[in-house]
Amino acid sequence: MGPVISKAVKMPQGLAKASVGMLKMKGLSVMGSCAYSEIKTGRMYLQDHVLLVVLEGVYIVRYGDQEYTVRKNEMVLLHKGIVIKYEKYGEEDSRHVLDYMMFFLKDELVHEFMRISSFPSSKPVSTAPAAVHSVNVRLLSYIASLKPYFEEPEGIQDELIKLKMLELLFDILDADKGLLSRILQLRQQRHTSIVEVMEKNLLNPVSLQDLAYLSGRSLSTFKRDFRKIYNEPAFQWIRNRRLEKAKELLTHSGISITEVCLATGFENVSHFSKVWKRKYGVPPSAMRSRSAAENSIVEK
């Protein structure tokens, strides 16, 4: 029995498949309200910057060598383009209820805030590390004002949602200028080695646009610089490296084809099988059967 490998669900895209409340602006999720009573664990790939606010319970976030424990009336800011592992649960003294909100901070919203606010727009030299912040009374009142909207999300106009998101940023400016500075820093990722970015993210379900952001480059510059380093187009190199890792797992581990697919950055088995057959000439199941037969002969 091989290890069970969980899929990194894309957020906020994955909210549509979960039992949560959502508010959308122009079809894009900007807020999610979630309430659970049992312990849940999993993995998420963050497509947008996320401000996580916990109202009841505990939400533990892990990525790389970092871990953040967010408790009642606390929040943490997470930058986009990362895969996080999470553990979330309610505590005994609150009847095991977990209640939290996720705010997806899109670049357009941050630019709009900068346009209408008087907050200085100086460029930071480096990005400050993530930290857990307290939620003050003003922010709690703001969140309470959102609760009725989740009861009838389809009736809320885009303009009102945009205003409420801008209100969030102004409330953060009043509560914690350091946190707001960090939100504004997220607009520009620091320049990072492409090799380093690829080593960390090759097997994550990331797009070329995500990888370009993580390297601090535009998409066109990322593609050009990538080709200089690896001497082939980025999408081709990534696909081949993922398939090589998938072949290793398929022939030397007992995990299922679906788990192999998820573990190597492919988003669905159908696409995985198609590109696999194009490269190796046979479907993944056939190669697994062939490998099993060869191992059986060796054992005899």
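The values are calculated or read from the model by the stated rules, or taken from the named source; none is laboratory data. Note that the structure is predicted; figures quoted are calculated from it, not measured. In this analysis, Cβ positions are derived from the backbone assuming ideal geometry, glycine residues included, and neighbour counts consider all displayed protein chains.
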Scanning segment 106-135 residue by residue, those at pLDDT below 75, farther than 22 Å from Met75 by Cβ and of a type in the set (A, V, I, L, M) turn out to be Val125
Those residues of segment 201-228 which are over 17 Å from the mean Cα position of the chain (by Cα), over 18 Å from Leu186 (Cα atoms) and of a type in the set (Gly, Ala, Ser) amount to Ser220
All-but-one check, His96 against (1) closer than 27 Å to Met198 by Cβ; (2) in contact (Cβ under 8 Å) with a residue 40 or more places away in the chain; (3) touching a Gly at 6+ places or on another chain (Cβ under 8 Å), failing number (1)
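Limited to segment 55-97, what total is found for residues that are part of a strand (DSSP E or B), touching an Asp or Glu at 6+ places or on another chain (Cβ under 6 Å) and modelled with pLDDT under 90?
Of all residues in segment 55-97, those part of a strand (DSSP E or B) come to 55-56, 58-63, 66-70, 74-78, 83-89.
Now drop any that are not touching an Asp or Glu at 6+ places or on another chain (Cβ under 6 Å), which leaves 55-56, 60.
Next, only the ones that are modelled with pLDDT under 90 stay: none.
Final tally of qualifying residues: 0.
Assigned to a helix (DSSP H, G or I) and under 26 Å from the mean Cα position of the chain (by Cα): which single residue out of His111, His133 fits that description? Outline the logic, then answer.
Details: His133 fails: assigned to a helix (DSSP H, G or I).
Matching residue, one of His111, His133: His111.
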Looking across segment 173-190 at residues that are assigned to a loop (DSSP other than H, G, I, E, B) and at pLDDT below 80, the single one that is nearest to Leu139 (Cα to Cα) is Leu186
Within segment 247-263, of all residues that are of a type outside the set (A, V, I, L, M, F, W, C) and either modelled with pLDDT under 85 or under 16 Å from Val9 (Cβ atoms) (or both), the one surrounded by the most Cβ atoms within 10 Å (Cβ to Cβ) is Glu259
Listed by first then second residue, the pairs whose first member lies in segment 212-225 and is not assigned by TED's automatic domain parsing to the domain that holds Gln47 and assigned to a helix (DSSP H, G or I), whose partner is of a type in the set (Phe, Trp, Tyr) and crowded, with 21+ Cβ neighbours inside 10 Å, with beta carbons under 8 Å and at least 6 positions apart or on separate chains, are Ala212/Phe222
